[in-house]
Amino acid sequence: MAMIAVCAGTVSACTASSSLSPDPDAVAVAVDTALVNSDQSLAARNLQKALETSLSGRTLSWRNAASGTRGSVTPNRTWKTAKGVYCRSYSEIIKPVSRQSIRRSGVACRSPNAVWNEA
């Protein structure tokens, strides 16, 4: 993907404002046997919210009170492709209570209906 512009703030500041998509499966979450469905759902929703609303470098965290699992997403960089699609790189950490942390990095791009999909 060609990069032609970097946004200084949130993607919503660079594009027309829209509501956060309720589709938590749009961007893949680190799937692990230590994560219960509610952990995966919270992680996916947090990832969508962070990519849509957080400034680059700002971490958005979550915690599942039922399982004790917690996690965070940090959008690292935002850019616009030659085709006009906004993309963001991000880092994600999920910390299940009974296991070692799951760390991953990824790139997701925003669809016209404001859903972030793994690139």
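The values are calculated or read from the model by the stated rules, or taken from the named source; none is laboratory data. Model, not experiment: these values are computed from the prediction. Glycine gets a Cβ as well: all are built from the backbone with ideal geometry, and neighbour counts include every protein chain shown.
Residue count for region 61-101, restricted to those that are under 21 Å from P112 (Cβ atoms) and among the small types (G, A, S): 3. Pairs linking a residue in region 31-49 that is over 12 Å from T69 (Cα atoms) and polar (S, T, N, Q) to a residue that is modelled with pLDDT of 95 or more and surrounded by fewer than 22 Cβ atoms within 10 Å (Cβ to Cβ), with Cβ atoms under 8 Å and 6 or more positions apart or on different chains, are N46/L60; N46/S61; N46/W62; N46/S72; Q48/V115.
Name the residues in region 63-84 that are crowded, with 16+ Cβ neighbours inside 10 Å and of a type in the set (V, I, T), would you? Residues satisfying the conditions are T69, V73, T74, T78.
Right, R104: out of contact with any Pro (no Cβ under 6 Å at 6 or more places or on another chain) and either outside any strand (DSSP E or B) or free of Cβ contacts under 8 Å to residues at least 24 places away in the same chain (or both) or not? So R104 fails the test. For region 53-86, a residue qualifies if it is farther than 16 Å from L42 by Cα, touching a Lys or Arg at 6+ places or on another chain (Cβ under 7 Å) and either part of a loop (DSSP other than H, G, I, E, B) or hydrophobic (A, V, I, L, M, F, W, C) (or both), and the qualifying residues are S56, V85.
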